[in-house]
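Q: Sharing a structure here in structure tokens format.
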Amino acid sequence: MAVFVALGAFLMTLAGGWVAQRVTDRRHLVLGLAGGLMLGVVGLDLLPEAIEAAGEPVFGVPMALLLFVGGFLVAHLVERLLSARQVAHGAGGGHHGDRVPHVGLTAAAAMVGHSLMDGIALGAAFQVSGSMGVAVALAVISHDFADGFNTYTLTSLYGNARRKALLMLFAAAVAPVVGAATTLLFTLPEELLGGYLGFFGGALLYLAAAEILPEAHHTHPARSTLLCTIGGVGFIWLVVGIAE
């Protein structure tokens, strides 16, 4: 059942990527929506689940929040290192002219990893009970549209070719199916899953706040862009509310 439901996530991920590539003439709106979706996923979905699952606090701070901060710092460090490497090779050229393709691929790979964990979480939920499996399935299938949208957007934003963006999109679509299938072989410890969600949430927030949203408003500081961002957050809120 979990693998069958994951096929729905596969289709929704591809649908999200298709929408992202079809609206290139409204790129600022795409980025504004992507930033809102990412912010919503982090604040309304990933962090609450991570804090609940990640176990005992460490020196007064929940483990999930420590890993959240760690994920943010690692994402920042990776981008700075890759940017410095490009500048050292003479490829720099201004804030918006020095997009590093490797950063986009790294971010997209993180989205693929997240989709894989979605599938594992889906399979684990069905191992607990059918009702829990259905609730998790609703959340996974709904927000995998955002995953596909964000995977394609992140890859192409950093100057990668359309072929690479489509390849990463397909990998993100297949990942939940693979993840769900692996749960036939083992059970993922709850604390490990919570720690991963916290770490990934920090990295995702960095990309949304430091890259996606500034880029969206750089050339088109329009009210419509802001409304798309708010709409993205609202959509994730609706998804989380329905799943609960």
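The values are calculated or read from the model by the stated rules, or taken from the named source; none is laboratory data. Please read these numbers as outputs of a predicted model, since none were measured by experiment. Heads up, the Cβs are rebuilt from the backbone with ideal geometry, glycines too, and the neighbour counts pull from every protein chain shown. The accessibility values were calculated without ligands, DNA or RNA, using every heavy atom of the protein model including side chains. Shrake-Rupley method; radii C 1.70, N 1.55, O 1.52, S 1.80 Å.
Residue by residue, here is whether (1) open to solvent by less than 60 Å² (accessible area, probe 1.4 Å); (2) at pLDDT 85 or above; (3) polar (S, T, N, Q) holds:
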| site | (1), (2), (3) |
| --- | --- |
| Gly43 | yes, yes, no |
| Ala53 | yes, no, no |
| Val58 | no, yes, no |
| Val61 | yes, yes, no |
| Leu66 | no, yes, no |
| Gly70 | yes, yes, no |
| Leu73 | no, yes, no |
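Q: Restricting to segment 208-240, what's the tally of residues that are open to solvent by less than 60 Å² (accessible area, probe 1.4 Å) and modelled with pLDDT under 80?
A: Number of matching residues: 7.
Q: In segment 188-222, how many are β-branched (Val, Ile, Thr), over 18 Å from Phe145 (Cα atoms) and touching a Gly at 6+ places or on another chain (Cβ under 9 Å)? Spell out the reasoning first.
A: Of all residues in segment 188-222, those β-branched (Val, Ile, Thr) come to 212, 219.
Now drop any that are not over 18 Å from Phe145 (Cα atoms), which leaves 219.
Filter once more, keeping what is touching a Gly at 6+ places or on another chain (Cβ under 9 Å): none.
Residues in segment 188-222 being β-branched (Val, Ile, Thr), over 18 Å from Phe145 (Cα atoms) and touching a Gly at 6+ places or on another chain (Cβ under 9 Å): 0 in total.
Q: Continuing with the same structure: With the structure loaded, tell me whether Phe235 is within 22 Å of Tyr158 (Cα to Cα) and either of a type in the set (A, V, I, L, M, F, W, C) or not in a helix (DSSP H, G or I) (or both) or whether it fails that test.
A: no
Q: Residues of segment 75-89 being open to solvent by 60 Å² or more (accessible area, probe 1.4 Å), of a type in the set (Val, Ile, Thr) and modelled with pLDDT of 65 or more, which ones?
A: None - no residue of segment 75-89 is open to solvent by 60 Å² or more (accessible area, probe 1.4 Å), of a type in the set (Val, Ile, Thr) and modelled with pLDDT of 65 or more, so the list stays empty.
Q: So, in segment 183-207, exactly how many residues are open to solvent by 60 Å² or more (accessible area, probe 1.4 Å) and part of a loop (DSSP other than H, G, I, E, B)?
A: Summing the residues that are open to solvent by 60 Å² or more (accessible area, probe 1.4 Å) and part of a loop (DSSP other than H, G, I, E, B) in segment 183-207 gives 5.
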